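I have placed the structure first, in the form of structure tokens, so that the comments after it can refer back to it.
The values are calculated or read from the model by the stated rules, or taken from the named source; none is laboratory data. As the structure is a prediction and not an experimental result, all values here were calculated from the model. Here the Cβ positions follow ideal geometry from the backbone for every residue, glycine too, while neighbour counts run over all protein chains shown.
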């Protein structure tokens, strides 16, 4: 197990998307992953309660875990030549917020075709309708500790059950909307675990404009996931937690990573959800990019016409960059 995972467990014990508007409208130690898709087993706090491994590429698992008060699921998309016996880099791909968003989101968006012929394992887990890839300050419906589930449990479970490069240069993290925020957050907070990070219309600043994104995280999580609980605290925020999660306050943690950003420049002014979402995304990503520039940290960014949508052409370009950065299969 890597040193980063051991330190992470201690940190999380101590600490105990953007689609919010739409909802309301260096390297760790090298350890080789084991197992095969056909032999997935319980472990790392996860107990498999349902699975479907018949498809040669897409594997489905649902878990019982103390981290989440219901049984979250994950789709694991294997490369077409996984039977070759080689090891592969892994992309963790996170969905956005919304009552219709879950581990199936990217399969519905055509992820199988987008990754055809590409030597990478893509892991697409549940993240809650408005989980914000966080352990909330308060929940009225039992545990909803998405950060613990993803980082402490799912990542080591994947490395134990699939042929991965279980190291810094073997992992990337990406996401759309709320999931883009989650990707930016995890890449900085667990900077020894992910060598590439991509935010497709994902917010990069929690505090700008009087903390609008942090407020949306609280409001959306209270309405959709936590029955009145909140991610960051109401009426007062847990300020240390906000700062720990805020990409623009953790710029140094992106050094030596590949950083890829996408934002829309012309959201529909008549669509309130689209306009509020992408206006904040664009402004926050510009703030983030300026701070990266000040720190001399390289990044690739794209501002495209349109609003808060997943742009498959740019995701395909992103995949090429991810594979260039990660260890080769």
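Screening 263, 290, 227 for residues that are within 19 Å of residue 200 (Cα to Cα), at pLDDT 95 or above and not in a helix (DSSP H, G or I) leaves exactly one candidate, 263. Can residue 280 be described as out of contact with any helix residue (DSSP H, G or I) (no Cβ under 8 Å at 6 or more places or on another chain), surrounded by 15 or more Cβ atoms within 10 Å (Cβ to Cβ) and in a helix (DSSP H, G or I)? Answer is no for this residue. Could you grab me the full set of residues in the stretch 293-317 that are surrounded by fewer than 13 Cβ atoms within 10 Å (Cβ to Cβ) and in a helix (DSSP H, G or I)? Selection gives 293, 294, 313. Being at pLDDT 95 or above, closer than 23 Å to residue 151 by Cα and either surrounded by fewer than 23 Cβ atoms within 10 Å (Cβ to Cβ) or over 18 Å from the mean Cα position of the chain (by Cα) (or both): is that true of residue 248 here? It is true that residue 248 is at pLDDT 95 or above, closer than 23 Å to residue 151 by Cα and either surrounded by fewer than 23 Cβ atoms within 10 Å (Cβ to Cβ) or over 18 Å from the mean Cα position of the chain (by Cα) (or both). Being surrounded by 17 or more Cβ atoms within 10 Å (Cβ to Cβ), under 19 Å from residue 197 (Cα atoms), at pLDDT 95 or above and within 21 Å of the chain's Cα centre (by Cα) is a property that does not hold for residue 232.
Would you point out which residue out of 188, 199, 217 is surrounded by 21 or more Cβ atoms within 10 Å (Cβ to Cβ) and not in a helix (DSSP H, G or I)? Criteria check complete, one pass: 199.
When residue 273 is tested against (1) part of a helix (DSSP H, G or I); (2) in contact with a helix residue (DSSP H, G or I) (Cβ under 7 Å, 6 or more places away or on another chain); (3) surrounded by fewer than 17 Cβ atoms within 10 Å (Cβ to Cβ), only condition (3) is not met.
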